[in-house]
Amino acid sequence: MELTTGAILRRITETPLSTAAHKLATIILDGIAWKDGYNGLERGTAAFTLAHLAEKMGVSRQHLTALLVELAASGLALVRWKPNGKFAPWLFRFGGHEAADAPPDVVSASGDTSLSRDSKNKTIFAGRIDIDAGSNVYRTPWADLIKAAKASLACWNVDAQVIWERFVAFNRARGNAAVPAGFLLGFMRRWRALPETKVKGAVHVEPKRAATLKEQELQRLISAAPSKNWQFHASDLCRLIGKAAYDARVIRVAEQFGCARFAAILAVHGYAVIASEISR
């Protein structure tokens, strides 16, 4: 049967449980995603750390564990797993008996989906992100989305500003001026902590290093030519100055800035655009 908020809530009230277990079940129900992608979760799944659950319940971790065991052994058949590392949140899902002959009043009607259909309960990464929109994520529309989506991901305990800075740096290094908003969610899902941040008992932020003038100039040249059309720029420039001259420019820029060949190619294209040799 297809579970909804109302169906699970009725199952909770009909299942013999202690008062504390009933409360815990409703807290978990409140965090369930009813649309794939909401908070980065699959439909029907909730994400909590045990510390957060214990705080919301006002009980010790030991008592919380006993309550979780009670829910797992009950008709709710609560299951939990942790796919994103030791310090990431636990994921929770109610199981229960998928009985085809269940009484009609146990299954929610089609109209019992208002919570899942309300757009304010969905984390949707739509539109495009301007990579140069600003260095402060809290002055962009993306801060709240980052904070909501990271709840079930490996970056759950990383500040939204740090995630934003890593995302911007990742795209600038590839010469991307704007990307689909979904790229941000994908970047968060593939999050990997930097070696400097893996310190037991604390979360450290990699110290920011000011870009040198040479790095700033390289980035300015790269930004002048989008990376997705770089083959067309290469063809246009080769026709204009010749293949040998083109290769010489790439080698000279790579040596000047100490960068990889692809970055040098983008910088050469950017310089040609600025010099009006080729069009953007």
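Each reported figure results from applying straightforward, stated rules to the coordinates on display, with no laboratory input. Note that the coordinates shown come from a computational prediction; the quantities given were computed from them, not determined experimentally. Virtual Cβ from ideal backbone geometry, glycine too; neighbours counted across all protein chains shown.
Brief remarks follow.
- For segment 216-221, 3J(HN,Hα) computed residue by residue from phi via the Karplus equation (6.51, -1.76, 1.60; θ = phi - 60°) reads 5, 5, 4, 5, 4, 5 Hz, glycine and proline entered as x.
- The label point for Y138 and the one for E42, both projected 7 Å from the Cα toward the Cβ, are 3.6 nm apart.
- Links that overshoot a 20 Å alpha carbon limit, given the list K23/K150; K86/K150; K23/K147: K23/K150; K23/K147
- Positive-end residue of W230, V250, A260, charge dipole of segment 212-263 with Cβ unit charges: W230
- Alpha-carbon centroids, segment 134-192 and segment 35-85: separation in whole Å: 26
- For L64, the shell of other residues with beta-carbons less than 14 Å away shows a net charge of +2, using +1 for Lys and Arg and -1 for Asp and Glu.
- Cα gyration tensor shape of segment 20-87, rounded if a/c is under 1.5, else prolate or oblate by comparing a/b with b/c: prolate
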